[in-house]
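Okay, structure first, notes after.
The values are calculated or read from the model by the stated rules, or taken from the named source; none is laboratory data. Quick caveat: nothing in here was measured; it's all calculated off a predicted structure. Ideal geometry is used to build each Cβ from the backbone, glycine not excepted, and the neighbour counts take in all protein chains shown.
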Amino acid sequence: MASKDELRAELKVLLKERDAFMIAHNYQRDEVQEAADLTGDSLALSQAAADSNAKVIVFCGVHFMAESAAILAPEKTIILPRIDAGCPMADMITAEQLAVEKEKRPGVPVVAYVNTSASVKALSDICCTSANAARVVDSVESESVYMIPDRNLSMYVSKQTDKKMEWWDGFCVTHDMLTPAEVFKAKEEHPGAVFVCHPECAPDVVELADYVCSTSGMYKYAKETEAKTIIVGTEMGILYRLKLDNPDKEFVMPSESLICPNMKLTTLEDVVVSLREMKNIVSVPEEIRLKAVASLERMLAVPREY
Ligand code: 13P
Ligand code: SF4
């Protein structure tokens, strides 16, 4: 088995040889984030994939993220090093289920969180991420919207908009598990700490937060807050860069279950092997892509909140 140093050396050569750009989501393993050309939230990474001049994008994340890159940049080869890295929330609604919901609400625009499949995006009017959800909902020219698939993000957005909202009953199996009791315990153990959380957390947890934001929003908040201790309500992969960027601050995970098993599948070795063999390529049938790209591009025209 190759050592980490050998893998890092081979990766450097392969990235150059293949004209590849390696991007990693903020929840990826430390070794993967460390080796990446860019880390970021799902919105920043989709944009970076589309803007890059490289021929190949190695997308270290989960399937819907690589698929979004394939939708936005069809001329590039998009590699998802672990083709089995999915997102249970994205799998909670199918295109067939969405079609049924649309029939029940003629004329009501569908706002799809990017954590959805390409065929679901193709049936939606506009996409959003946690970094722009309220702005996207407000940008829609309609009194009401139907939001999919995350009930928690939808509930959070519904409190910030005058639009009438209905939503699908999906959720993130990782974030939804965090409980108010765990947050209270962390607050008790760390007096003076602030609590920041992702809007995929349950409403009774979101209510306790000093700040609610996307994963990238957390880096900004951690730098700007005067607090020295920050309780973090999201997947623990975020700690890698939070600690690196803020060596003088303490970060506390309120629960040991804040781990997304799918995000943790990709190892440095998987990245090297997929690039060496040019395997695990994600593509989207052109007929679906053309419809899905419209939803993603409408989203990209809306400025991010943080
Ligand atoms: P971000 O858009 O904040 O990166 O979140 C994506 C995600 O899957 C959160 O669970
Ligand atoms: Fe999906 Fe949740 Fe994992 Fe994000 S953390 S990829 S929403 S399962």
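Some points to look at:
- Residue that is nearest to V173 (Cα to Cα) [pool: residues in the stretch 42-83 that are within 13 Å of ligand 2 (Cβ to nearest atom) and part of a loop (DSSP other than H, G, I, E, B)]: V62
- The stretch 11-38, residues that are away from ligand 1 (no atom under 16 Å from the Cβ) and within 26 Å of I238 (Cα to Cα): L11, K12, L15, A20, F21, M22, D30, E31, E34, A35, D37
- Contact annotation: residue pairs with Cβ atoms under 6 Å, 6 or more positions apart or on different chains, pairing a residue in the stretch 168-179 that is of a type in the set (A, V, I, L, M) with a partner that is more than 6 Å from ligand 2 (Cβ to nearest atom), are M177/S257; L178/C201; L178/V205; L178/G233; L178/S255.
- Listed by position, the helices (runs of 4 or more DSSP H) inside the stretch 189-286 whose residues that are within 22 Å of the chain's Cα centre (by Cα), at pLDDT 95 or above and closer than 30 Å to M1 by Cβ number at least 1 are 239-245, 268-277.
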